[in-house]
Amino acid sequence: MARWHPPGPWSRPEAARVLTDADVPAALAVCALDPVGSVLAASRIVEAPRLSQSGGQVWGFPAQGPLLAICWAGANLVPVVPVGGAVHAQALDAFAALARRFGRRASSIVGERAAALGLWDRLAQYWPAARDVRDDQPSLMIDRAPQVEPDPLVRRSVPAELPLVLPACVRMFVEEVGYSPVAAGGNAYAERVRGLITSGRSFVRLAGGVPAPSLPNGDRDPLAAVALPERTVAFKAELGAVTSAVAQVQGVWVDPQLRGRRLSESGMAAVVEITRREIAPVVSLYVNAYNERALATYRRVGFEQVGTFATVLF
């Protein structure tokens, strides 16, 4: 049951405002207070040539004066709000009021746990019921070389490999979220995957029925004897959110037939190595706390917990 919040001066839509291009530096300054926790929102801001072309809106609190908190409102609702104190509650009140005015367009609310759950707490009695609430998602990061040997066969995927990568992405999505992102038709998800490939943010490790290439150190490839269709995606991951400071890994997946071979460890080590060398100095991700195997994998690679996320799925 959602707690009831009495109406107050911050529970009106005018307590926050839709930001414009002139507000971008101030919005990014708010995100810079917690680069890992805010990377989802910050990346949407920096990737758009103009906010009006971003595919969403950025809300700012308060409506007058210096910005103290922001909220990305697009396919996801992502609040970036300082934890604790009066500003936290007031900003969430104001963002909830704007969300009620515009209606639910997002497929999820996601971000730092207190902000994400606090926003949902204020919207639950007005919006349709959530399909799932994942309220304990450790936020992890690494800012140094990985602790395990990277897989030398992990690399960026190329546009011609979309027919291989897209089915793997769909399978991962179904496992993680519970439904197919392409079941209703349309090509939005395919275009998202295509965009990640063309921007160099999609990583793969292929295996197949053809002889597997030798490893540079002379070791035998652990997939050499695996009978799989030619050019199967064995491991994949994407950088779903990127700023100059942080790159957030999403969509980590290993083909079910190949699990238990520690491909995710060496694969993630390779993603960390390439990303830190060529894209951003810090690599982050978040994972459900109940996924103990994944957490153990990431910790072996060298990731450390720096916070906790939550996700409300619709």
Kindly indicate whether any position in the range 1-11 is touching a Leu at 6+ places or on another chain (Cβ under 7 Å) and modelled with pLDDT under 95.
-> no
Among residues belonging to the range 229-275 that are touching a strand residue (DSSP E or B) at 6+ places or on another chain (Cβ under 6 Å) and assigned to a helix (DSSP H, G or I), point out the one that is modelled with the lowest pLDDT.
-> Leu258
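Across the range 10-31, what is the total count of residues that are small (Gly, Ala, Ser) and free of Cβ contacts under 8 Å to residues at least 60 places away in the same chain? Please lay out each step first, then the result.
Of all residues in the range 10-31, those small (Gly, Ala, Ser) come to 11, 15-16, 22, 26-27, 29.
With the extra rule that they be free of Cβ contacts under 8 Å to residues at least 60 places away in the same chain, the set shrinks to 22, 26-27, 29.
Looking only at that region, the number is 4.
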For the range 92-133, which residues satisfy the criterion of being over 17 Å from Ala69 (Cβ atoms), open to solvent by 30 Å² or more (accessible area, probe 1.4 Å) and assigned to a strand (DSSP E or B)?
-> Asp132, Val133
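Determine which member of the set Glu149, Glu176 is outside any helix (DSSP H, G or I) and open to solvent by 30 Å² or more (accessible area, probe 1.4 Å). Please lay out each step first, then the result.
Values: Glu176 fails: outside any helix (DSSP H, G or I).
Testing whether each residue is outside any helix (DSSP H, G or I) and open to solvent by 30 Å² or more (accessible area, probe 1.4 Å) leaves just Glu149.
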Just wondering, is there one or more residues in the range 157-167 that are open to solvent by 30 Å² or more (accessible area, probe 1.4 Å) and touching a Gly at 6+ places or on another chain (Cβ under 9 Å)?
-> no
Output the number of the condition that Gln64 fails; it satisfies all remaining conditions of (1) assigned to a helix (DSSP H, G or I); (2) without any contact (Cβ under 8 Å) to a residue 24 or more places away in the chain; (3) open to solvent by 70 Å² or more (accessible area, probe 1.4 Å).
-> (1)
Among the candidates Trp72, Trp127, Trp120, single out the residue that is in contact with a helix residue (DSSP H, G or I) (Cβ under 7 Å, 6 or more places away or on another chain) and aromatic (Phe, Trp, Tyr).
-> Trp72
Of the numbered conditions (1) more than 23 Å from Arg192 (Cα to Cα); (2) among the aliphatic types (A, V, I, L, M); (3) open to solvent by less than 70 Å² (accessible area, probe 1.4 Å), Ala280 fails exactly one; give the number of that condition.
-> (1)
Provide a single number: the residues in the range 134-146 that are open to solvent by 30 Å² or more (accessible area, probe 1.4 Å), within 16 Å of Phe303 (Cβ to Cβ) and in a strand (DSSP E or B).
-> 1
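The values are calculated or read from the model by the stated rules, or taken from the named source; none is laboratory data. Small disclaimer: the values here were computed from a predicted structure and weren't measured. Here the Cβ is made from the backbone with ideal geometry for all residues, glycine too, and neighbour counts use every protein chain on show. These accessible areas exclude ligands, DNA and RNA; they are computed on the full protein's heavy atoms, side chains included. Shrake-Rupley method; radii C 1.70, N 1.55, O 1.52, S 1.80 Å.
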